[in-house]
Amino acid sequence: MIALVTQLSDAKNQAWLALFKEQMPAEDIVIFSQMNHEQRLACDIAIIANPLLEQLESLPNLVWAHSLWAGVESLVKAVKKMKLTLVRLIDPMLSQTMAEAALAWTLYLHRDMPKYAKQQSQKVWHQIEYIEPKDRHVSILGLGALGQEAAKVIQAQGFNVSGWSYSQKNLEGVSCYHGEEGLQTMLTETHILICLLPLTDMTRGLINREFIAHLPDGAQLINFARGGIINSNDLFAALDAGELDHAVLDVFEQEPLTSESEYWSNDKVTVLPHISAQTNPVSASRIVATNINNYRQQGIVPEGVDVGKGY
Ligand code: NAP
C-alpha cells in the first residue's frame, strides 16, 4: 500500500495519482486524507511533497518515503527521529531544467540586462564595455546532481567555470574546490556566483558579509538553492555598499514574499518566484515508479539522504 502525502491542491493530487496509476497499475495508491485505519497500517511506502510530520508518523509501518522534490531539507531532521529512509528526487530532466536556468540568468548578468533595463527606464543611452565569456569567471557552490549539470552547460558557452563541494570532485574543464581554503580561493576570482547547495546546519547563513568580502567588488550572485543560505541583512548591506552588483534570487526564507518585503523594490535584486527548476511530473513519476518496482521485485530501498550530513 502506497500513501500519497502532500500539501498540494486536490487537482494536483489527482493529476499525480493518475500518473502513478498509469506507471504502477498493480499498486494500491491512496491519497493520505482518504486512507482508512487499515490502509494506514498496511502502508509501507509514501510518495511525498512537503508532508506534515504527523501525517508520516500516522503510518506506523512506513519503510521509506520518496519525495517528489529534489530538496528535502525541511524534512531531514524530522525523519531522523522516525528512522525512515527519505529518498529525494534525482531526475536528469530536473538537472537539465536547472542548468538551463543557471545559464539563462548567467547570461542575463553577463550581458548586463539589469543595467540596460534601468538605463531604458531613465532614457539613458550608454554602451557598457563587452566582456568575453572566457574572461568571466562563474563559480558554482554545490557540485551535486544540479550543480554538475549547470557547470557543464555554462562551461560549454565558453565561461571559466569553478565549483565547490563538500568532497573533492574531478570534472572535466571545471576547477573543483573543497574545504574552507578552497572556497576562499574560488571566491577571490569569481564574477558570477551561483548557489546550488542544500540548506543544512553547515550552509545556513553561509553567504554573509564575511563570505561576500572574499568576492571581488561588483561580483554578482544567483541563488537557486534555499533562502536560508543567505544572510539577508548582510546581502542588502553588501548591495548598498557596491560590494555586490546584483543578486538574482529564486528562493527566500519566507515564500511567497509578502508585499512588504524589501526584495521587491531593491533595483539591485531580481526576484523570481521559485521557478528555476520545477519537478517534471512525467519524468518524476517514471523515476518514482522505477524505484518502487525495484523495491517490490528485489527488496532494494533506494539510497536515502544522509540525515547526519543533512542532505
Ligand atoms: P545534491 O545532489 O545533494 O548536491 C549538493 C551539493 O552540495 C554536493 O556537491 C555537496 O557536496 C555540496 N555540499 C553540501 N553541503 C556542503 C558544504 N557544507 N560545503 C560544501 N559543499 C557542500 O543536491 P542537488 O540535487 O544538486 O540540489 C541542491 C539544492 O538545490 C537542493 O538541496 C534544493 O535546495 C535546491 N533546489 C532548488 C530548486 C528550485 O527550483 N529553486 C529545485 C530543486 C532543488 P558533496 O558532493 O561532496 O556531497
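The values are calculated or read from the model by the stated rules, or taken from the named source; none is laboratory data. On a predicted model such as this, the values are computed, not experimentally measured, just so you know. For neighbour counting, all protein chains shown are included, and Cβ atoms are generated from backbone atoms with ideal geometry for every residue, glycine included. We work out accessible area using only protein heavy atoms, side chains counted, and drop any ligands, DNA or RNA first. Shrake-Rupley method; radii C 1.70, N 1.55, O 1.52, S 1.80 Å.
Restricting attention to segment 154-172, the residues being open to solvent by less than 40 Å² (accessible area, probe 1.4 Å) and more than 9 Å from the ligand (Cβ to nearest atom) number 6. Checking every residue in segment 106-124 against the condition of being in contact with a Phe, Trp or Tyr (Cβ under 8 Å, 6 or more places away or on another chain), of a type outside the set (Asp, Glu) and closer than 28 Å to Ala284 by Cβ gives at least one match.
Of the residues screened, Phe236 is one that is more than 16 Å from the ligand (Cβ to nearest atom) and either part of a helix (DSSP H, G or I) or open to solvent by less than 40 Å² (accessible area, probe 1.4 Å) (or both). Take Glu132 and decide whether it is at pLDDT 95 or above, in the same structural domain as Ala219 (by TED's automatic domain parsing), within 25 Å of Glu210 (Cβ to Cβ) and open to solvent by 70 Å² or more (accessible area, probe 1.4 Å). Here the answer is no, as Glu132 does not meet what is asked.
Contact map, segment 193-209: first residue among the small types (Gly, Ala, Ser), second residue open to solvent by 20 Å² or more (accessible area, probe 1.4 Å) and modelled with pLDDT of 95 or more, Cβ cut-off under 8 Å, separation 6 or more or different chains; pairs are Gly205/Asn231. Among residues of segment 102-123 being more than 17 Å from the chain's Cα centre (by Cα) and open to solvent by less than 70 Å² (accessible area, probe 1.4 Å), the one that is farthest from the ligand (Cβ to nearest atom) is Gln119.
Got a sec? Which of Thr258, Thr270 is in contact (Cβ under 8 Å) with a residue 40 or more places away in the chain and open to solvent by 10 Å² or more (accessible area, probe 1.4 Å)? Show your work before the answer.
On the way: Thr258 fails: in contact (Cβ under 8 Å) with a residue 40 or more places away in the chain.
Unique residue meeting the criteria: Thr270.
Since Gly147 meets every condition but one in (1) within 12 Å of the ligand (Cβ to nearest atom); (2) open to solvent by 10 Å² or more (accessible area, probe 1.4 Å); (3) in a helix (DSSP H, G or I); (4) closer than 20 Å to Ala277 by Cβ, which condition does it not meet? Of everything listed in (1) within 12 Å of the ligand (Cβ to nearest atom); (2) open to solvent by 10 Å² or more (accessible area, probe 1.4 Å); (3) in a helix (DSSP H, G or I); (4) closer than 20 Å to Ala277 by Cβ, Gly147 misses just condition (2).
Does Asn294 qualify as being open to solvent by 50 Å² or more (accessible area, probe 1.4 Å) and not assigned by TED's automatic domain parsing to the domain that holds Pro114? In short, yes.
Only one residue in Ile31, Ile48, Ile90 is more than 16 Å from the ligand (Cβ to nearest atom) and farther than 30 Å from Lys134 by Cα. Which one? Working first, answer last.
Numbers: Ile48 fails: more than 16 Å from the ligand (Cβ to nearest atom); Ile90 fails: more than 16 Å from the ligand (Cβ to nearest atom).
Checking each option against the conditions leaves just Ile31.
Looking across Ile287, Ile212, Ile194, Ile275, one residue alone is on the phi < 0 side of the Ramachandran plot and part of a strand (DSSP E or B). It is Ile194. Each residue in segment 175-195 was checked for being closer than 16 Å to Leu143 by Cα and open to solvent by 20 Å² or more (accessible area, probe 1.4 Å), and 6 pass. Contact map, segment 80-106: first residue within 21 Å of His66 (Cα to Cα), second residue acidic (Asp, Glu), Cβ cut-off under 6 Å, separation 6 or more or different chains; pairs are Ser95/Glu149.
Tell me, which helices (runs of 4 or more DSSP H) wholly within segment 1-98 include 3 or more residues that are more than 24 Å from the chain's Cα centre (by Cα)? First the steps, then the outcome.
Numbers: elements: 10-23, 37-42, 53-57, 73-82.
In segment 1-98, 10-23, 37-42, 53-57 are the helices (runs of 4 or more DSSP H) which contain 3 or more residues that are more than 24 Å from the chain's Cα centre (by Cα).
Taken together, His246, His191 contain a single residue that is within 22 Å of Gly144 (Cα to Cα) and more than 15 Å from the ligand (Cβ to nearest atom), which is His191.
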